[in-house]
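Asks: Have a look at this one before I ask anything.
The values are calculated or read from the model by the stated rules, or taken from the named source; none is laboratory data. Keep in mind that what you see is a predicted model, and the values were worked out from it rather than measured. Note that each Cβ is placed from the backbone with ideal geometry, even for glycine, and that neighbours are counted across all protein chains shown.
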Amino acid sequence: MTAAPEARSLEATLALIEAFVARERGALREPLTPDTELLRLGLLDSMQLARLGRELAGAFGVTPPRGALTVEDFETPRRLWQCFQRFG
Amino acid sequence: MLNLLSTVLRHAERVPERDCVRLFSRRRGGGARAFGQVAEDARRAAAFYRARGVGPGDIVALMGGHDVGVYGAWLGALWVGATPVFLAEPSVRIDKQTYWSRLSYLLTYLDAKLLALSAAIDASSWPIKVGVVTYPELAAAGPGGAPSPHEPGEGDRMLLQHSSGTTGVPKGVQLTHGMVARYAEVTIERMGVDERDVVVSWLPLYHDLGLFNCFIIPMFAGIPTVSLSTFEWVADPELQLEAIHEHRGTISYMPNFAFALLAASVADPGRYDLSMLRGVWSGGEPPSAADMLAFSRRFEVAGFRREALQAGYGMAESVAGITSSGPGVPLKFHRILKSAWRERHEAVPAGEGEPAENVLVHVSNGTMSRGCEMRVLGPGGERLPPGRAGRVFVRTPFLFGGYFRRDDLNQNLFDADGFYDTGDIGYLDDEGHVYVSGRSKDLIIVGGRNVYSQDVEKVANEVPGVHAGRTVCFGVSVPSRGTEGAVLLAESDLPEADWPALAARLREAVVRFADVDLADVKLAPRGVLRKSTAGKLARPDNRALYLQGRFGPPPPVVAVPEPGAGA
């Protein structure tokens, strides 16, 4: 079952990613934008990707096909949001 | 002497249809190469290399391990007597210019004759002077010009294995055909590898565990390797279970953090059948009892057997693993008294009735493999008895002879008895089990990958706003992720209001130029970081201050030892 449309908006996705990063890293210095480069800025490390992916799947109410995501898809919140919309 | 190339050519005659490699990828599709095809690929690659004038002793660099073509490209180099060396491919994150200049430097330093790479890597715009050829181009070469396979001597160099530091002069471990053959013989026997085995791996081939245990050993043994891309695995670790399930995998290797990650991230373990797995070896970073048991419990429902949990310890300087547990024997969990360990680094077995809060559990890395010896030495060089932790020295039948073109390092590699100082701290118990508990302080192992403090500090020193030379990087425990994290402390003359922005710039620079994710960054005014008596910044002292919260609270993922617990 997929989640309600508002849970799948770019804003909601951004909020979820922000909460995830803050939880892992401590307080964020500044709010994330849809185009914040999560990997290049060191906000998200390779061991956190899988867990963030799972949280997003839960929020979107989707199960991404095995191997549908790769490291590049975690580059920005917008790119993640676009990926998860496709899975819906 | 076992010879890898002639062994593979024999497999090609005996079992030409058997898979040598099968790719497991949902993105790029599968693909496989049987031993017969791999032998033919190698012959063609050899013809190509020969036409380019590559011969005995020359170096061929390779890049891209998750590719069916890598087998022929690599074996083709051995065919003409050349020395293959795997280099890391660019990551999506690292700065291109930095990567290119590092790569150019490495290729020049190695005097590589050619760079052979996966067709999935686009090197067309790379400013490098070495000729580039793709695996498919090698496999398409006419086989006519292939010489007869080079017959190596036992003492001839077979390959180079590079440590993963990003700055400074590289350290390439040189291994001979004899060393690799002896390693293969001992390891195949030790792990009980036989023709029914199937290895499943996502480890890169530029790391020793991936190169030897997931590439070379399976070729010696004539068994298939199911290969996953590291990049795909990181985004979706469950792929590994799917690969094991689908291809009836019997053996897998991974660093400790992967046990923790899989145990925590798989929603429905019951959908997999992992009952064929006879050994999942932890290697590359110290095993944690909690993470390994969490993995075992989580996948019991998938038929995973507790006795399939395994561990080993090793180093590139002695090919790869020199200890192993099992197989088929449950991993040993050594319950010791916390107090004796913390006060005098002594492992005193805890009695059955000892309350849990007084007990530490160490996971055994197994016992020494055949012909391998270990000595544990105290600060004065004296031999320590079982249970006492000290510096680990090893002597093995496949210990390296020196680093490539590093006469500066190659003078005193071994002590008078031929033992090599690993830089690790550990102990043996009275049954001969090996426990490695720490290491020299300038190496941090993040998810099985070696990170050198000086690499991170060098990058940080060049970030504007940082007081150059006043930075220090060290490792801390990140138990929730089953691994270590790198913390950076830096002094700055900027007003405190500018520190958050500076910390963000430091994080970014360290990712771009050293490809390291920092677990935390803290700034301090000039003069706060502690120096050693030699005037250098002291990593252990500053680490202790950091864990006490002197630079502000560490982030929630960092484990802060209880007071008095020591390092």
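Asks: Inspect all residues belonging to the range B:484-495 and state whether any of them is buried (at least 18 other Cβ atoms within 10 Å of the Cβ), away from chain A (no Cβ under 14 Å) and in contact (Cβ under 8 Å) with a residue 40 or more places away in the chain.
Replies: Narrowing the range B:484-495 to residues buried (at least 18 other Cβ atoms within 10 Å of the Cβ): B:484-492.
Of the ones still in play, those that are also away from chain A (no Cβ under 14 Å) are B:489-492.
If we keep only those that are in contact (Cβ under 8 Å) with a residue 40 or more places away in the chain as well, we get B:489.
So far as the range B:484-495 goes, yes, one or more of its residues are buried (at least 18 other Cβ atoms within 10 Å of the Cβ), away from chain A (no Cβ under 14 Å) and in contact (Cβ under 8 Å) with a residue 40 or more places away in the chain.
Asks: Is it true that some residue in the range B:276-298 is within 13 Å of chain A (Cβ to nearest Cβ) and at pLDDT below 95? Even if it seems obvious, please write down each step before you answer.
Replies: Let us first name the residues in the range B:276-298 that are within 13 Å of chain A (Cβ to nearest Cβ), namely B:285, B:291.
Imposing the further condition that a residue be at pLDDT below 95 reduces the set to B:285, B:291.
The answer is yes, given that some residue of the range B:276-298 is within 13 Å of chain A (Cβ to nearest Cβ) and at pLDDT below 95.
Asks: With the condition being in contact with a Leu (Cβ under 6 Å, 6 or more places away or on another chain), I'd like the strands (runs of 3 or more DSSP E) fully within the range B:6-118 carrying at least 2 qualifying residues. Show your work before the answer.
Replies: Working: elements: B:19-23, B:32-34, B:59-63, B:83-86, B:112-117.
Answer list for the range B:6-118: B:59-63, B:83-86.
Asks: While we're here: Within the range B:262-270, is there a residue that is of a type outside the set (A, V, I, L, M, F, W, C) and at positive phi?
Replies: Of all residues in the range B:262-270, those of a type outside the set (A, V, I, L, M, F, W, C) come to B:265, B:268-270.
Checking the rest, the ones that are also at positive phi come to none.
No: the range B:262-270 contains no residue that is of a type outside the set (A, V, I, L, M, F, W, C) and at positive phi.
Asks: Residue check, B:Arg405 against (1) surrounded by 19 or more Cβ atoms within 10 Å (Cβ to Cβ); (2) part of a loop (DSSP other than H, G, I, E, B); (3) not aromatic (Phe, Trp, Tyr), all met but one. Which one?
Replies: (1) is the only condition that B:Arg405 fails.
Asks: Please go through the range B:524-551 and give me each residue that is part of a helix (DSSP H, G or I) and touching a residue at least 12 places away in the same chain (Cβ under 8 Å), ordered by number. Break it down into steps so the answer makes sense when it comes.
Replies: First, pick out the residues of the range B:524-551 that are part of a helix (DSSP H, G or I): B:539-547.
Within the range B:524-551, B:Arg539, B:Pro540, B:Asn542, B:Arg543, B:Ala544, B:Leu545, B:Tyr546, B:Leu547 qualify.
Asks: Can you name every residue in the range B:363-385 that is outside any strand (DSSP E or B) and of a type in the set (S, T, N, Q)? Please lay out each step first, then the result.
Replies: Residues of the range B:363-385 outside any strand (DSSP E or B): B:364-366, B:369-372, B:378-382, B:384-385.
B:Ser364, B:Asn365, B:Ser369 - these are the residues of the range B:363-385 that are outside any strand (DSSP E or B) and of a type in the set (S, T, N, Q).
Asks: Under the condition of being in contact with a His (Cβ under 8 Å, 6 or more places away or on another chain) and not polar (S, T, N, Q), which residue from the range B:428-456 is surrounded by the most Cβ atoms within 10 Å (Cβ to Cβ)?
Replies: Kept after step one, since they are in contact with a His (Cβ under 8 Å, 6 or more places away or on another chain), are these residues of the range B:428-456: B:429, B:433, B:435, B:437, B:448-449.
When the remaining residues are screened for being not polar (S, T, N, Q), the result is B:429, B:433, B:435, B:448-449.
Details: B:Asp429: 18, B:His433: 21, B:Tyr435: 24, B:Gly448: 21, B:Arg449: 18.
It comes out as B:Tyr435.
Asks: Further question: I'm trying to understand the selection: among the residues of the range A:59-88, which are facing chain B (nearest Cβ under 9 Å) and assigned to a helix (DSSP H, G or I)?
Replies: Within the range A:59-88, A:Val71, A:Glu72, A:Asp73, A:Phe74 qualify.
Asks: Any residue in the range A:2-10 that is within 12 Å of the chain's Cα centre (by Cα), more than 10 Å from chain B (Cβ to nearest Cβ), in a loop (DSSP other than H, G, I, E, B) and surrounded by fewer than 18 Cβ atoms within 10 Å (Cβ to Cβ)?
Replies: There is at least one residue in the range A:2-10 that is within 12 Å of the chain's Cα centre (by Cα), more than 10 Å from chain B (Cβ to nearest Cβ), in a loop (DSSP other than H, G, I, E, B) and surrounded by fewer than 18 Cβ atoms within 10 Å (Cβ to Cβ).
Asks: If you don't mind, there's one more thing I want to ask. Residue under question is B:Leu261, and the condition is that it be away from chain A (no Cβ under 12 Å) and within 20 Å of B:Gly210 (Cβ to Cβ); does it hold? Reasoning before the result, please.
Replies: Details: away from chain A (no Cβ under 12 Å): no; within 20 Å of B:Gly210 (Cβ to Cβ): yes.
Against the criterion (away from chain A (no Cβ under 12 Å) and within 20 Å of B:Gly210 (Cβ to Cβ)), B:Leu261 does not qualify.
Asks: Got at least one residue in the range B:47-62 being over 30 Å from the mean Cα position of the chain (by Cα) and crowded, with 23+ Cβ neighbours inside 10 Å?
Replies: Of the residues in the range B:47-62, the ones over 30 Å from the mean Cα position of the chain (by Cα) are B:47-48, B:50-53.
Remaining after also requiring crowded, with 23+ Cβ neighbours inside 10 Å: B:48.
Yes: one or more hits.
Asks: Scan the range B:318-362 for residues that are farther than 23 Å from B:Thr396 by Cβ, part of a loop (DSSP other than H, G, I, E, B) and not aliphatic (A, V, I, L, M) and jot them down.
Replies: Answer for the range B:318-362, where residues must be farther than 23 Å from B:Thr396 by Cβ, part of a loop (DSSP other than H, G, I, E, B) and not aliphatic (A, V, I, L, M): B:Gly328, B:Pro330, B:His345, B:Gly351, B:Glu352, B:Gly353, B:Glu354, B:Pro355.
Asks: Looking only at the range A:42-58, which residues are surrounded by 19 or more Cβ atoms within 10 Å (Cβ to Cβ) and either facing chain B (nearest Cβ under 7 Å) or charged (D, E, K, R) (or both)?
Replies: Of the residues in the range A:42-58, the ones surrounded by 19 or more Cβ atoms within 10 Å (Cβ to Cβ) are A:42-50, A:52-53, A:56.
Result: A:Gly42, A:Asp45, A:Ser46, A:Met47, A:Leu49, A:Ala50, A:Gly53.
Every residue, every condition in (1) of a type in the set (Phe, Trp, Tyr); (2) touching a strand residue (DSSP E or B) at 6+ places or on another chain (Cβ under 7 Å), yes or no:
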{"position": "B:Phe400", "(1), (2)": "yes, yes"}
{"position": "B:Tyr403", "(1), (2)": "yes, yes"}
{"position": "B:Phe414", "(1), (2)": "yes, yes"}
{"position": "B:Gly426", "(1), (2)": "no, yes"}
{"position": "B:Asp429", "(1), (2)": "no, yes"}
{"position": "B:Arg449", "(1), (2)": "no, no"}
{"position": "B:Ser453", "(1), (2)": "no, yes"}
{"position": "B:Val456", "(1), (2)": "no, yes"}
{"position": "B:Val463", "(1), (2)": "no, no"}
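Asks: Shifting gears a bit: Hey, could you check the range B:323-342 for residues that are touching a residue at least 40 places away in the same chain (Cβ under 8 Å), surrounded by fewer than 17 Cβ atoms within 10 Å (Cβ to Cβ) and not basic (Lys, Arg) and say which is farthest from B:Met191 (Cα to Cα)?
Replies: Filtering first and then ranking leaves B:Phe333.
Asks: Can you name the residue in the range B:530-546 that is under 28 Å from the mean Cα position of the chain (by Cα) and over 21 Å from B:Ser492 (Cβ atoms) and, of all such residues, is surrounded by the most Cβ atoms within 10 Å (Cβ to Cβ)?
Replies: Checking each candidate, the answer is B:Ala544.
Asks: With the checklist (1) within 26 Å of B:Leu209 (Cβ to Cβ); (2) touching a residue at least 24 places away in the same chain (Cβ under 8 Å) in hand, flag the one item B:Gly155 doesn't pass.
Replies: (2)
Asks: Which one of these does B:Leu138 not meet: (1) at pLDDT 95 or above; (2) among the hydrophobic types (A, V, I, L, M, F, W, C); (3) within 28 Å of B:Arg512 (Cα to Cα)?
Replies: Answer for B:Leu138: the failing condition is (3).
Asks: So, of the residues in the range A:16-47 that are outside any loop (DSSP other than H, G, I, E, B) and small (Gly, Ala, Ser), which turns out to be farthest from the chain's Cα centre (by Cα)? Break it down stepwise before answering.
Replies: Narrowing the range A:16-47 to residues outside any loop (DSSP other than H, G, I, E, B): A:16-25.
Among the residues that remain, those that are also small (Gly, Ala, Ser) are: A:19, A:22.
Details: A:Ala19: 10, A:Ala22: 13 Å.
In this case the residue turns out to be A:Ala22.
Asks: Another one. Look at A:Thr70 and say whether it is hydroxyl-bearing (Ser, Thr, Tyr) and closer than 15 Å to B:Val234 by Cα.
Replies: Values: hydroxyl-bearing (Ser, Thr, Tyr): yes; closer than 15 Å to B:Val234 by Cα: yes.
So A:Thr70 fits the description; yes.
Asks: Taking the range B:302-317 as the search range and keeping residues that are in contact (Cβ under 8 Å) with a residue 60 or more places away in the chain and outside any helix (DSSP H, G or I), which one is nearest to B:Pro170 (Cα to Cα)? Walk me through how you get there before you give the answer.
Replies: We begin by selecting, within the range B:302-317, every residue in contact (Cβ under 8 Å) with a residue 60 or more places away in the chain; these are B:302, B:313-317.
Restricting the remaining residues to those that are outside any helix (DSSP H, G or I) gives B:313-315.
Details: B:Tyr313: 23, B:Gly314: 20, B:Met315: 16 Å.
Filtering the range B:302-317 for residues that are in contact (Cβ under 8 Å) with a residue 60 or more places away in the chain and outside any helix (DSSP H, G or I), the one nearest to B:Pro170 (Cα to Cα) comes out as B:Met315.
Asks: Exactly one of (1) acidic (Asp, Glu); (2) without any contact (Cβ under 8 Å) to a residue 12 or more places away in the chain; (3) under 19 Å from B:Trp74 (Cβ atoms) is unmet by B:Asp268. Its number?
Replies: Condition (3) is where B:Asp268 drops out.
Asks: Looking at the structure I just gave you, is B:Asp515 buried (at least 18 other Cβ atoms within 10 Å of the Cβ) and either farther than 15 Å from A:Arg29 by Cβ or more than 9 Å from every other protein chain (Cβ to nearest Cβ) (or both)?
Replies: Taking the combined requirement at face value, the residue satisfies it.
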